[in-house]
Amino acid sequence: MRAPSRIRRQAVILAAVASLGAGLLAGCADDGNDEPDSSEGGGGKTTITLGLFGAMGFKEAGLYDEYMKLNPDITVKENVVERNENYYPALVNHLTTNSGLMDIQAVEVGNIAEVVNTQADKLMDLSKSGKESDFLEWKWKQATTADGQTIGLGTDVGPMAICYRKDLFEQAGLPTDREDVAKLWAGSWDKFVDVGRQYQDKAPEGTTFLDSPGGLIQAILGSETERFYDSSGEVIYKTNPAVKSAFDLTAQAAEDGLVGNQTQFQPAWDTTIANNKFAAMSCPPWMLGYIKGKSQPDAAGKWDVAAAPEAGNWGGSFLSVPKSGKNTGEAAKLAAWLTAPEQQAKLFDVQGSFPSSPAAYEMPAVKNAKNDMTGDAPIGTIFAAAAENSPVQVIGPKDQIIQQGLTDNGVILVAQGKSAEEAWNTAVKTIDNNLEQ
């Protein structure tokens with residue numbers, strides 16, 4: 001998701017969480033013949049189709065129009081499914097049958113390991129189309145098979161920071177300067193929770209330090225190299241001390257009343273943003289768009305961004321090219337162009353999608369970026385540092401199922417009155433049942 005599968009950045013966020021119906025992926029490719037590129041568009045033009053989820057922003061940022069101007073013989077069209085929960089199962093079905101695929105298909109980071117491990121033979125090796133040196137090392141590795149095939153080019157990443165309300169911090173007697181705030185919890189999520197206790201001691205009435213237990217555990221686990229799977233592909237979430245430690249720390253924060261009792265990205269949680277009910281939240285770049293969309297107008301400029309206790313990632317996607325497409329050569333060129341540093345910088349400028357290309361971090365659109373909600377905060381610099389220091393994380397095929405179980409069927413229960421032990425047992429039961437399906 002990018003964020004969890006129902007979440008996107010900025011406009012993407014608003015689209016992905018909306019309760020909108022989603023159609024099935026429409027078929028725009030042949031049934032698995034590796035045919036040479038052919039013309040499908042009118043007037044002798046070749047049409048390249050993209051299958052996407054949410055609003056990934058290529059169209060909104062004007063990139064399709066720019067590419068077609070540079071390549072007059074190409075027409076670009078997209079087919080968008082609003083939510084990845086609906087998009088991904090259909091994509092797997094089309095990959096399995098090797099039919100009904102677009103020329104380019106997006107893959108969410110939570111699904112990339114499964115695609116790499118089970119569907120790589122259906123997808124083109126893009127290692128010669130994109131330049132490995134253009135991408136963060138860990139981003140490139142996420143879409144690369146054991147034998148060196150890179151089946152997806154990275155679009156964006158979700159480097160983690162902490163967004164906080166300067167006014168609420170001040171009222172609680174905490175510093176408000178972003179450098180001083182970051183020093184309070186530097187290097188330790190335990191320190192971060194301790195700051196929450198300091199906040200809660202003098203908290204403005206009716207507010208909590210953090211928005212939700214789900215956001216906290218997501219951030220902690222996002223900074224770990226191994227979470228739910230080990231490097232050999234074994235499920236280890238129940239035995240991994242890092243997972244249990246993150247769960248227990250989050251549960252303790254919930255028991256101590258430091259977090260809100262709502263599930264993220266649900267209507268009741270949205271109202272806590274609008275009504276200023278919490279002082280801080282785990283904050284990848286796309287979260288800024290969500291904050292803006294759910295806040296009252298007078299909240300602009302009252303937020304700031306500080307470095308997280310430890311660098312981590314929450315979100316991101318890839319573009320892949322199915323071998324069954326009629327236009328594989330042109331599709332690979334388009335995928336490479338859309339994910340090149342220059343285009344990633346433009347996408348961030350318009351959509352808030354943070355680049356997976358370090359070369360983009362020195363471009364003015366990123367380096368000098370500001371946000372309405374966070375005033376003069378140098379968000380491009382802050383998020384770039386987090387991206388470059390994030391661990392090369394082991395991604396498993398069912399990461400989303402495990403993460404959602406720990407949040408929506410686990411730590412949230414503690415915030416709602418259950419014991420940490422009851423919550424852990426419920427989460428494990430839910431996850432294991434879903435993994436067996």
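The values are calculated or read from the model by the stated rules, or taken from the named source; none is laboratory data. No experiment lies behind these values; they were computed from the predicted model shown. Cβ sites come from the backbone with ideal geometry, for glycine too, and all protein chains shown count toward neighbours.
State the number of residues belonging to the range 410-419 that are in contact (Cβ under 8 Å) with a residue 12 or more places away in the chain and either surrounded by fewer than 19 Cβ atoms within 10 Å (Cβ to Cβ) or not assigned by TED's automatic domain parsing to the domain that holds I220 (or both).
1
Tell me yes or no: at least one residue of the range 383-393 is without any contact (Cβ under 8 Å) to a residue 40 or more places away in the chain and part of a helix (DSSP H, G or I).
no
Tell me the residue from K277, K292 that is farther than 23 Å from E137 by Cβ and either under 17 Å from the mean Cα position of the chain (by Cα) or not assigned by TED's automatic domain parsing to the domain that holds W185 (or both), please.
K292
Mind telling me which of the residues E179, E170, E205 ends up being acidic (D, E), over 30 Å from I401 (Cα atoms), touching a Ser or Thr at 6+ places or on another chain (Cβ under 8 Å) and surrounded by fewer than 21 Cβ atoms within 10 Å (Cβ to Cβ)?
E170
Scan (1) surrounded by 20 or more Cβ atoms within 10 Å (Cβ to Cβ); (2) over 30 Å from G233 (Cβ atoms); (3) at pLDDT 95 or above for the single condition T407 breaks and write down its number.
Going through (1) surrounded by 20 or more Cβ atoms within 10 Å (Cβ to Cβ); (2) over 30 Å from G233 (Cβ atoms); (3) at pLDDT 95 or above one by one, T407 breaks only (2).
Output the helices (runs of 4 or more DSSP H) that fall wholly within the range 136-234 and possess 1 or more residues being out of contact with any strand residue (DSSP E or B) (no Cβ under 7 Å at 6 or more places or on another chain) and more than 29 Å from L413 (Cβ to Cβ), or say none.
Those helices (runs of 4 or more DSSP H) span 137-142, 166-171, 178-185.
For the range 120-135, what are the residues that are farther than 20 Å from V81 by Cβ and in a helix (DSSP H, G or I)?
Kept after step one, since they are farther than 20 Å from V81 by Cβ, are these residues of the range 120-135: 120-121, 124-135.
Result: A120, D121, E132, S133, D134.
Can you find even one residue in the range 192-201 that is farther than 16 Å from T407 by Cβ, among the basic types (K, R) and crowded, with 20+ Cβ neighbours inside 10 Å?
no
Scan the range 359-390 residue by residue and report those that are surrounded by 16 or more Cβ atoms within 10 Å (Cβ to Cβ) and touching a Ser or Thr at 6+ places or on another chain (Cβ under 9 Å).
Passing the criteria: A359, Y361, V366, A369, M373, A387, S390.
Does V80 meet the test of being closer than 20 Å to Q344 by Cβ, touching a residue at least 60 places away in the same chain (Cβ under 8 Å) and out of contact with any Asp or Glu (no Cβ under 7 Å at 6 or more places or on another chain)?
Against the criterion (closer than 20 Å to Q344 by Cβ, touching a residue at least 60 places away in the same chain (Cβ under 8 Å) and out of contact with any Asp or Glu (no Cβ under 7 Å at 6 or more places or on another chain)), V80 does not qualify.
Identify the residue in the range 142-166 that is out of contact with any helix residue (DSSP H, G or I) (no Cβ under 7 Å at 6 or more places or on another chain) and crowded, with 16+ Cβ neighbours inside 10 Å and, among all such residues, is nearest to F58 (Cα to Cα).
Across the range 142-166, the extreme among qualifying residues is T155.
Suppose the filter is within 29 Å of K294 (Cβ to Cβ), in contact (Cβ under 8 Å) with a residue 60 or more places away in the chain and part of a loop (DSSP other than H, G, I, E, B); does Q344 pass it? If you could, list the steps in order and put the result at the bottom.
Working: within 29 Å of K294 (Cβ to Cβ): yes; in contact (Cβ under 8 Å) with a residue 60 or more places away in the chain: yes; part of a loop (DSSP other than H, G, I, E, B): no.
No: the conditions fail for Q344.
Only residues in the range 230-253 that are within 16 Å of I401 (Cβ to Cβ) and modelled with pLDDT under 95 count as the first member; pair them with residues that are exposed (fewer than 13 other Cβ atoms within 10 Å of the Cβ) and of a type in the set (A, V, I, L, M), Cβ under 7 angstrom, at least 6 apart or cross-chain, and list the lot.
Going by the 7 Å Cβ cut-off, there are no qualifying pairs.
Here are some residues: L249, L319, L288. Which one is part of a helix (DSSP H, G or I), of a type outside the set (S, T, Y) and closer than 30 Å to G152 by Cα?
Values: L249 fails: closer than 30 Å to G152 by Cα; L319 fails: part of a helix (DSSP H, G or I).
One residue alone meets the criteria, L288.
May I ask you to list the residues in the range 208-226 that are in contact with a Leu (Cβ under 7 Å, 6 or more places away or on another chain) and either surrounded by fewer than 24 Cβ atoms within 10 Å (Cβ to Cβ) or farther than 15 Å from D248 by Cβ (or both)?
T208, F209, L210
As an exercise: evaluate S232 against (1) more than 27 Å from G380 (Cβ to Cβ); (2) hydroxyl-bearing (S, T, Y); (3) surrounded by 15 or more Cβ atoms within 10 Å (Cβ to Cβ) and give the number of the one condition it does not meet.
Just one mismatch for S232, condition (3).
Since A306 meets every condition but one in (1) modelled with pLDDT of 95 or more; (2) assigned by TED's automatic domain parsing to the domain that holds G222, which condition does it not meet?
In the conditions (1) modelled with pLDDT of 95 or more; (2) assigned by TED's automatic domain parsing to the domain that holds G222, A306 misses (2) alone.
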